[in-house]
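The values are calculated or read from the model by the stated rules, or taken from the named source; none is laboratory data. Predicted, not measured: the structure shown is a model, and the values here were computed from it. Here the Cβ positions follow ideal geometry from the backbone for every residue, glycine too, while neighbour counts run over all protein chains shown.
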Amino acid sequence: MNRLKRKIVDNAAEGSSNQSTKLDTVKERHVAGVILARGGSNGIPLQNIKLLAGVPLIGWVIRAAIDSDVFDSLWVSTDHDEIERVAKKWGAKVHRRSAEVSKDTTSSLETIQEFCRMNPEVDIICNIQATSPCLHPHHLIQAVEMVTKQGYDSVFSVDRRHHFRWQEVTKGGGPDTKALNLNPAKRPRRQDWPGELCENKSFYIATKKLIDEGVLQGGKMAYFEMPAEYSIDIDNDIDWPVAEQKVLRFGYFGKDKPELVRLLLCNVLGCLTDGQISLSANGDERVSVNSRDLDGITMLQRKGTEVGINRGPAKLICDQPKQVEVEKLMKEKKLEWKEVAYIGNDATDVDCLSLAGLSAVPLDTSAMALIAAKYRCQSTAGHGAVREFCEHILHSLQPAGNPQCQSLPPTQTLPLATSASISACSFPCRAHGRYLPWPNQRWSRLTAAEKFSRRRWWRWQWRWWRGRRLRRAPLPAPASLLGDNGGPPCLRRGHRTKGARGHTVTQWQGIKYRQKRCVLSKGV
């Protein structure tokens, strides 16, 4: 919010009297951003603070507005206590609207007029829609400059759409429909038609004079065209999953978004596990780990990220903050906080969650950790929360086009310096019911080196089972082949060889009898 201060310093350095005069004119115009977030939403209850890709919906637009640095003040107009708390947490001021402008029939203009009456210092108002999570700072910068520098009275956002519109016909049997924006006899192709400009409802900028006159769009008007990938509006539940996928690809993740994540730190109890501890007859403590979480960790390892597991004795409860131990490990690895991703669940993780470049908490976590985290998983601890956070890390790094999105050889899992070493040498394999030296994954996702090592491991396994099968005693010939008197002794036993299609063949003199392998294994 130091926009005016920087302008004063820059113009003073230039020493131009004309520019100083213009600066004084700009300085008198207070630009305020206003986000309308009513608590009684009809489409989705409390949709303004509902988590979208782990971030409250208004958090996306608040972050973009603050990082644009074109507003002298940023406000959230609401009538709900929880929305007020979330808005203050993300760095916005709160305008507590009155009951008269909190009704279902109240228009946005009436709420903005009340805001102007309570804040008379404001000269330019930018109404930012909370349901536009793909908004970026450069969109707001260019649009506000159209008012402050180019002299427009109102600017609104649009996008280009290629939709053919037709006149609506009533159900009672009205006139025939007709085309509104095309000639059906000469229907154009999409690539030959420039399309139409439609409001995408991302933001509306107007001077206070226009708002006092009762209009939000008027005077010298202009539009700001946004690309289609940044234009999205959420009205009902159907739009939510589409918006979540779109914001992961085209959303704004902040100035401090790390370009590389070199270290992921994770708690075992409360993150990798659901917190339940089982005791064996010998008193040993056992916990269960979701294989999806292990697959997510392996995904990051293939991208070159080291993984540190904070694992100690389950019966030891540590009440000390973990920041000292983490910084000690970072010093050994020569890392900074922006290169660290952290997932925790307890009050002792609050400092690390606040300092890490990317941080997350499971769905079922404490309130203190929830406030400090930058991302809230939709899954609970021990049921895919770590996998979700790993995917979030890859999604947040992918738009930057950094080299971490390229495949790298896997790295070794690291324990924390103060924790017991983790034995990550074997993982349960659901398909074969035995333990393998790697997590169970799809074959198409493996590198050439991983495929070679796994082929070699399975070849050794096959040789061991093959030798065990050949060491078994041969089976006697069936009585139906030996005759009534049992036949000659030379036909009662034979030697076994490998037959076609995986069958075991028992040979006698000129006679071959096939039995499937599952039948032969019963006598072992």
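Numbers below:
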| quantity | calculated |
| --- | --- |
| Selected residue (only one of Arg286, Arg249 is of a type in the set (Lys, Arg), modelled with pLDDT under 85 and either under 22 Å from Ser396 (Cα atoms) or not assigned by TED's automatic domain parsing to the domain that holds Leu358 (or both)) | Arg249 |
| The range 137-166: number of residues that are without any contact (Cβ under 8 Å) to a residue 60 or more places away in the chain and under 18 Å from Met221 (Cα atoms) | 1 |
| Single condition Val122 does not satisfy, out of (1) part of a loop (DSSP other than H, G, I, E, B); (2) at pLDDT 90 or above; (3) out of contact with any Cys (no Cβ under 8 Å at 6 or more places or on another chain) | (3) |
| Hits in the range 266-294 (condition: hydroxyl-bearing (Ser, Thr, Tyr) and either within 21 Å of Leu353 (Cα to Cα) or in a helix (DSSP H, G or I) (or both)) | Thr273, Ser291 |
| Residues (among the hydrophobic types (A, V, I, L, M, F, W, C) and either in contact with a Gly (Cβ under 6 Å, 6 or more places away or on another chain) or outside any loop (DSSP other than H, G, I, E, B) (or both)) located in the range 147-171 | Val147, Val155, Phe156, Val158, Trp166 |
| Exclusive hit being at negative phi, buried (at least 18 other Cβ atoms within 10 Å of the Cβ), at pLDDT 85 or above and outside the structural domain of Glu244 (by TED's automatic domain parsing), set Ala373, Ala360 | Ala360 |
| Conditions (1) within 15 Å of Ala32 (Cα to Cα); (2) crowded, with 20+ Cβ neighbours inside 10 Å; number of the one not met by Lys209 | (2) |
| Tabulated pairs, the range 295-308, first outside any helix (DSSP H, G or I), second surrounded by 19 or more Cβ atoms within 10 Å (Cβ to Cβ) and of a type in the set (D, E, K, R), C-beta under 8 angstrom, 6+ apart or interchain | Gly304/Arg262; Thr305/Arg262; Glu306/Arg262 |
| Which numbered condition Glu110 misses (of (1) assigned to a helix (DSSP H, G or I); (2) touching a residue at least 12 places away in the same chain (Cβ under 8 Å)) | (2) |
| Checklist (1) assigned to a helix (DSSP H, G or I); (2) surrounded by fewer than 10 Cβ atoms within 10 Å (Cβ to Cβ); (3) not acidic (Asp, Glu) applied to Val144, failing item | (2) |
| Residue that is assigned by TED's automatic domain parsing to the domain that holds Ser202, over 30 Å from the mean Cα position of the chain (by Cα) and modelled with pLDDT under 90, where the choices are Val26, Val31, Val55 | Val26 |
| Lys255 vs. criteria basic (Lys, Arg) and either modelled with pLDDT under 85 or part of a strand (DSSP E or B) (or both) | yes |
| Output for the range 232-281, where each listed residue is small (Gly, Ala, Ser), in contact (Cβ under 8 Å) with a residue 40 or more places away in the chain and either closer than 30 Å to Ala347 by Cβ or surrounded by fewer than 19 Cβ atoms within 10 Å (Cβ to Cβ) (or both) | Gly251, Gly254, Gly270, Gly275 |
| Residue among Gly59, Gly54 that alone is crowded, with 19+ Cβ neighbours inside 10 Å and touching a strand residue (DSSP E or B) at 6+ places or on another chain (Cβ under 7 Å) | Gly54 |
| Test: Leu197 is among the aliphatic types (A, V, I, L, M), touching a residue at least 12 places away in the same chain (Cβ under 8 Å), surrounded by 14 or more Cβ atoms within 10 Å (Cβ to Cβ) and not in a helix (DSSP H, G or I) | no |
